[in-house]
Amino acid sequence: NAGVMQNPRHLVRRRGQEARLRCSPMKGHSHVYWYRQLPEEGLKFMVYLQKENIIDESGMPKERFSAEFPKEGPSILRIQQVVRGDSAAYFCASSRARGDIEKLFFGSGTQLSVL
Amino acid sequence: DQQVKQNSPSLSVQEGRISILNCDYTNSMFDYFLWYKKYPAEGPTFLISISSIKDKNEDGRFTVFLNKSAKHLSLHIVPSQPGDSAVYFCAVQFSGTYKYIFGTGTRLKVLA
């Protein structure tokens, strides 16, 4: 669990600003997932990426949200023109292989607060 | 459209007693079921899983039961310990896919 690094842990933005959330997967993991947890809700799937490829972004809002996982560097979840409803905990997870049961490792999350 | 439901948002149990956490799902095509535990300010960690070909899986104090006809999953913790106090999420997955669907979580508090 400690191997998936997310930063920042807390991010405060004003409405209309951009938020960038970073995730470094565990060593040896090439699959990254982003989940969002809204207050009083479960973890909602957002996007699944492999190196340089978005495999499934069916959980991403149609506008303002984007994700990437470049060949070098961390995965980035980018939210443009944030609104109050974007306030949530964003969790990144990684795995070694696609659909690797029981081996989805989560980071500690980024708590985004939009003022 | 909640495909995975945990109807009890919270549960309090005395130390040493059994904790039973429940989870209901709607799609009979799911074939892997997992429980994750989450402490405050940490990410979820995997706890125990079961495939649809089984109806019980045990790991130490933790046992997961699957009732396919009722589309019901439960996690039993016995004996419960104060360190078990956390939020527990059930999750389901189609085999060979990458998408885990999580429930809303149950906050377990084990009282010393």
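The values are calculated or read from the model by the stated rules, or taken from the named source; none is laboratory data. In this text, all values refer to a predicted model and were calculated from it rather than measured experimentally. No Cβ is skipped: glycine too gets one built from the backbone with ideal geometry, and neighbour counts run over all protein chains shown.
Which residues, taken from the range A:39-53, are within 24 Å of B:Val87 (Cα to Cα), outside any strand (DSSP E or B) and more than 10 Å from chain B (Cβ to nearest Cβ)?
A:Pro39
Exactly one condition in (1) part of a strand (DSSP E or B); (2) closer than 21 Å to B:Lys109 by Cα; (3) of a type outside the set (Ser, Thr, Tyr); (4) out of contact with any strand residue (DSSP E or B) (no Cβ under 7 Å at 6 or more places or on another chain) is false for B:Glu58; which is it?
(2)
Looking at (1) surrounded by 15 or more Cβ atoms within 10 Å (Cβ to Cβ); (2) within 12 Å of chain A (Cβ to nearest Cβ); (3) farther than 16 Å from A:Phe106 by Cβ, which is the one condition that is false for B:Ser49?
Condition (3) is where B:Ser49 drops out.
Could you run through the range A:47-86 and say how many residues are small (Gly, Ala, Ser) and at pLDDT 95 or above? Break it down stepwise before answering.
Within the range A:47-86, the subset small (Gly, Ala, Ser) is A:58-59, A:66-67, A:73, A:75, A:85.
When the remaining residues are screened for being at pLDDT 95 or above, the result is A:66-67, A:75.
The total comes to 3.
Filtering the range A:39-89 down to residues that are of a type outside the set (Gly, Ala, Ser) and in contact with a Cys (Cβ under 9 Å, 6 or more places away or on another chain), which residue is surrounded by the most Cβ atoms within 10 Å (Cβ to Cβ)? Before you say what the answer is, go through the steps one by one.
Step one: filter the range A:39-89 for residues of a type outside the set (Gly, Ala, Ser), giving A:39-41, A:43-57, A:60-65, A:68-72, A:74, A:76-84, A:86.
Next cut, in contact with a Cys (Cβ under 9 Å, 6 or more places away or on another chain) only: A:69, A:74, A:76-77.
On the way: A:Phe69: 25, A:Pro74: 18, A:Ile76: 16, A:Leu77: 27.
Looking at the filtered set, the residue picked out is A:Leu77.
Out of the residues in the range B:62-87 meeting the condition of being within 14 Å of chain A (Cβ to nearest Cβ) and farther than 27 Å from A:Val47 by Cα, tell me which one is surrounded by the most Cβ atoms within 10 Å (Cβ to Cβ).
B:Val64
Give me a count of the residues in the range A:90-106 that are facing another protein chain (nearest Cβ under 9 Å) and modelled with pLDDT of 95 or more. Show your work before the answer.
Restricting attention to the range A:90-106, the residues satisfying the condition of being facing another protein chain (nearest Cβ under 9 Å) are A:91-93, A:95, A:98-106.
Going one step further and asking which of them are modelled with pLDDT of 95 or more, we end up with A:91-92.
The total comes to 2.
Only one residue in B:Ile48, B:Ile18, B:Ile101 is touching a residue at least 40 places away in the same chain (Cβ under 8 Å) and in contact with a Phe, Trp or Tyr (Cβ under 8 Å, 6 or more places away or on another chain). Which one? Steps first, please.
Working: B:Ile48 fails: touching a residue at least 40 places away in the same chain (Cβ under 8 Å); B:Ile18 fails: in contact with a Phe, Trp or Tyr (Cβ under 8 Å, 6 or more places away or on another chain).
Unique residue meeting the criteria: B:Ile101.
Of the residues that sit in the range B:88-112 and are in contact with a Ser or Thr (Cβ under 7 Å, 6 or more places away or on another chain) and either within 14 Å of chain A (Cβ to nearest Cβ) or crowded, with 16+ Cβ neighbours inside 10 Å (or both), which one is nearest to B:Trp35 (Cα to Cα)?
Step one: list which residues in the range B:88-112 are in contact with a Ser or Thr (Cβ under 7 Å, 6 or more places away or on another chain), which gives B:88, B:106-111.
Filter again for either within 14 Å of chain A (Cβ to nearest Cβ) or crowded, with 16+ Cβ neighbours inside 10 Å (or both), leaving B:88, B:106-108, B:110.
On the way: B:Tyr88: 7, B:Thr106: 11, B:Arg107: 13, B:Leu108: 13, B:Val110: 18 Å.
Looking at residues that are in contact with a Ser or Thr (Cβ under 7 Å, 6 or more places away or on another chain) and either within 14 Å of chain A (Cβ to nearest Cβ) or crowded, with 16+ Cβ neighbours inside 10 Å (or both), I get B:Tyr88.
Considering every residue within the range B:11-33, establish whether at least one is farther than 16 Å from B:Gly83 by Cα, within 13 Å of the chain's Cα centre (by Cα) and not in a strand (DSSP E or B).
no
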